[in-house]
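Below you'll find the structure, written out as structure tokens, and then a few comments.
Read-outs: derived from the displayed coordinates by stated rules, not from any lab. Since the structure is predicted, the reported quantities are computational estimates derived from the model, not experimental observations. Here the Cβ positions follow ideal geometry from the backbone for every residue, glycine too, while neighbour counts run over all protein chains shown.
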Amino acid sequence: MRYFLEVSYKGTNYHGWQVQQNAHTLQQELENALKLYFRKPIATFASGRTDTGVHAEQQFVQIDLDVNFTKTDMYRLNKIMPSDMALKAFYPVTDTATARFDAFARVYEYRILFSKNPFYKDLVHTFPKELDMEAMNAAAALLLNHTDFQSFSKVHTDVESFECWMYAAGWSRRGDLLIFTIEANRFLRGMVRAVVGTLLQVGLGRITAKEFNDIILKKDRRAAGQAAPAAGLFLCKVKYPAEIFLGNIPQ
């Protein structure tokens, strides 16, 4: 039986999602817990990789089991897993469903706080400077006119294409936080942090919306701004077609 596990985590103490040699990763922690609980290795396949220090409110992980997965299993696995990682829910899916390739959209948020607050430690980018949100939104809207985002991709990546279909991008206020929300079918490595870092230059008045658009057209990472710190970045939602689920559908 194939299941999608809905997982959330604080990425501060991890070298990203994907298992790597000589690095502490979230996938490793989950697979260790599954192996301990089911007494055999269980392969996991996530909807995508999050980088070092990046958090997730909703990540989906695909597993195959020869037994039914229950709420009791979820409770017991949560007792095994580290305190900065949790199973939120589980969903039986069709045998051909894949967490990565069936996802048709991902939503990220980047969260900024303008003054130091210990209760947001490691969960925001503290940025104590005035920003022009109207100018940043004007520039962010231009992202929807493009599909090639090589200028915001980490260099020396193994991707075959820099194309992403952008569905939404914009800044808003949520209490004390300034939030950048971006939705696309896929994202390149380091892309959201590079976009945010460049938009902050717009907000500071150092570049214009037209210059931001020119940066996209250059297809050169050196043209864009410095990547914003990982602490403020959250994977917030992964969207799937309803027909792959054999019961409840994620919200």
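Within a Cβ distance under 15 Å of D66, other residues only, what is the Lys/Arg minus Asp/Glu net charge? It would help to have the intermediate numbers written out before the result.
Numbers: positive: R2, K35, R39, K40; negative: D64, D73, D95.
So the surrounding residues net to +1.
How much length is gained on full extension from F104 to K116, taking 0.36 nm per residue of separation minus their Cα-Cα distance? Could the numbers behind the result be given before it?
Numbers: separation 12, 0.36 × 12 = 4.32 nm, distance 3.65 nm.
Contour length minus the Cα-Cα distance gives 0.7 nm.
Taking the Cα-to-Cβ direction at D66 and at T96 and moving 7 Å from each Cα, how far apart do the two end points lie in nm?
Reported label-point gap for D66 and T96 is 2.5 nm.
What ranking of E6, E211, E130 emerges when the number of other C-beta atoms within 10 Å of each C-beta is taken as an exposure proxy, fewest first?
Details: E6 21, E211 14, E130 10.
Exposure proxy ranking, most exposed first: E130, E211, E6.
Between the stretch 56-119 and the stretch 140-179, what is the separation of their alpha carbon centroids in Å?
Centre-to-centre distance over Cα atoms comes out at 23 Å.
Between T157 and E130, how many nm apart are label points set 7 Å from Cα along the C-beta direction?
3.5 nm
For a protection proxy built on the mean count of beta-carbon atoms within 10 angstrom, sort 37-43, 7-13, 155-161 highest first, please.
Details: 37-43: 11.3, 7-13: 20.1, 155-161: 8.7.
Highest to lowest by the protection proxy: 7-13, 37-43, 155-161.
Send over the per residue convex hull volume for the stretch 100-178, Cα only, as a whole number of Å³.
Numbers: hull volume 12.1 nm³, N = 79.
Dividing the Cα hull volume of the stretch 100-178 by its residues yields 153 Å³.
Taking the Cα atoms only, what angle lies between the long axis of helix 191-203 and the longest principal axis of the chain, rounded to 10 degrees?
30 degrees
Listing H24, H125 from the residue with the fewest other Cβ atoms within 10 Å to the one with the most, what is the order?
Values: H24 12, H125 20.
Ranking H24, H125 by Cβ neighbours within 10 Å, fewest first, gives H24, H125.
Using 7 Å Cα-to-Cβ label points, what is the A223/Q18 separation (nm, one decimal)?
Once both label points are built, they end up 2.7 nm from each other.
Cross-link candidates for K210: which lysines have Cα within less than 22 Å, leaving aside residues fewer than 8 places away along the same chain?
In chain and number order, the partners are K218, K219.
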